[in-house]
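Worksheet for the structure shown next.
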Amino acid sequence: MEIRFDGKKALVTGAGKGIGRDVAKTMYKCGAEVFALSRTQEDLDSLVQECPGIHPVQCDLADPEATKSAVESVGPIDLLVNNAGVTSLQPFLEVTLDAFEKVMNINVRAVMQVSQIVAKGMVERGTGGSIVNVSSLASKSALKEHTSYCTSKGALDIMSKVMALELGPHKIRVNTVNPTVVMTDMGQKVWGSDPAKSGPMLARIPLGKFVEVEDVVHAILFLLSDKAAMMTGTNLPVEGGFSAT
């Protein structure tokens, strides 16, 4: 099953590292004109060295005004991947307002704002489009010290369903991917290097391994594509069977 995005313009947030970076590169290889947004210019520079046709967009999504300016500057978008996200690990009784607000600001507010700008253009053009929000299994399963993160991803899931409900009549599909631990560089550092931490989690995954970046990338591309033409409002788990245990 070949997936192509020829003639489509795509915006990927959090494209400097990890999942977002691989999504941007793969979409480019599939024919899309890709705009890669990241707050880190060095990451964008190295990405463009790998894929010279990708358009870099430097922006800190924590700043609403900068977000508005950056997203409006790329013009009409057909395919949107809201991948940028942050976390803050604190026991519930020690969660600070600053940390909670930072996580909600990036993981929820920025997704809403970016999607509003992009979707308004889709509605005005009448051509429809597809949006994929990168959520997490943490929206479904509580994790210790993840109050802010779990809350933000739960909010993202239900916001995505409301988006699907309201944007569907305009031929705009909205879905999420919900992976468990992903073996990005950060995932390797936090989980892969600590058997005491990874062991209990792996024991709950029937396939016996964590998610690779390409597993999430493939799920995102499928949801973006016409192969998923009747899928909207879906939370697609990418977690090796974790939910079955």
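Structure values in brief
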item	result
Filtered residue count, region 63-88, keeping only those that are within 27 Å of ALA219 (Cα to Cα), out of contact with any strand residue (DSSP E or B) (no Cβ under 6 Å at 6 or more places or on another chain) and aliphatic (A, V, I, L, M)	2
Some residue of region 180-195 being buried (at least 16 other Cβ atoms within 10 Å of the Cβ), within 30 Å of GLN116 (Cα to Cα) and at pLDDT 95 or above	no
Criterion violated by SER46 - all others in (1) assigned to a helix (DSSP H, G or I); (2) over 22 Å from VAL181 (Cβ atoms); (3) touching a residue at least 24 places away in the same chain (Cβ under 8 Å) satisfied	(3)
Search result, residues across region 146-160 that are in contact (Cβ under 8 Å) with a residue 40 or more places away in the chain, in a helix (DSSP H, G or I) and either farther than 17 Å from ASN82 by Cβ or of a type outside the set (Lys, Arg) (or both)	THR147, SER148, TYR149, THR151, SER152, ALA155, LEU156, ASP157, MET159, SER160
Search result, residues across region 1-43 that are under 18 Å from SER130 (Cβ atoms), touching a strand residue (DSSP E or B) at 6+ places or on another chain (Cβ under 7 Å) and either at pLDDT below 95 or in a helix (DSSP H, G or I) (or both)	ILE19, GLY20, VAL23, ALA24, MET27, TYR28
Check on LEU143, in a loop (DSSP other than H, G, I, E, B) and surrounded by fewer than 17 Cβ atoms within 10 Å (Cβ to Cβ)	yes
Top-ranked residue of region 206-245 - restricted to ones that are of a type in the set (S, T, N, Q) and out of contact with any Asp or Glu (no Cβ under 6 Å at 6 or more places or on another chain), ranked as surrounded by the fewest Cβ atoms within 10 Å (Cβ to Cβ)	THR245
Counted residues, region 49-67 - those being more than 19 Å from the chain's Cα centre (by Cα), surrounded by 14 or more Cβ atoms within 10 Å (Cβ to Cβ) and part of a loop (DSSP other than H, G, I, E, B)	1
Selected residue (only one of ILE205, ILE172, ILE158 is over 20 Å from THR26 (Cβ atoms) and modelled with pLDDT under 95)	ILE205
Pairs where the first residue, in region 219-245, is farther than 16 Å from GLY129 by Cβ and the second is among the acidic types (Asp, Glu) and part of a helix (DSSP H, G or I), C-beta under 6 Å, 6+ apart	ASN235/ASP157; VAL238/ASP215
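The values are calculated or read from the model by the stated rules, or taken from the named source; none is laboratory data. Please read these numbers as outputs of a predicted model, since none were measured by experiment. Every residue, glycine as well, gets a Cβ built from its backbone with ideal geometry; the counts of neighbours run over all protein chains shown.
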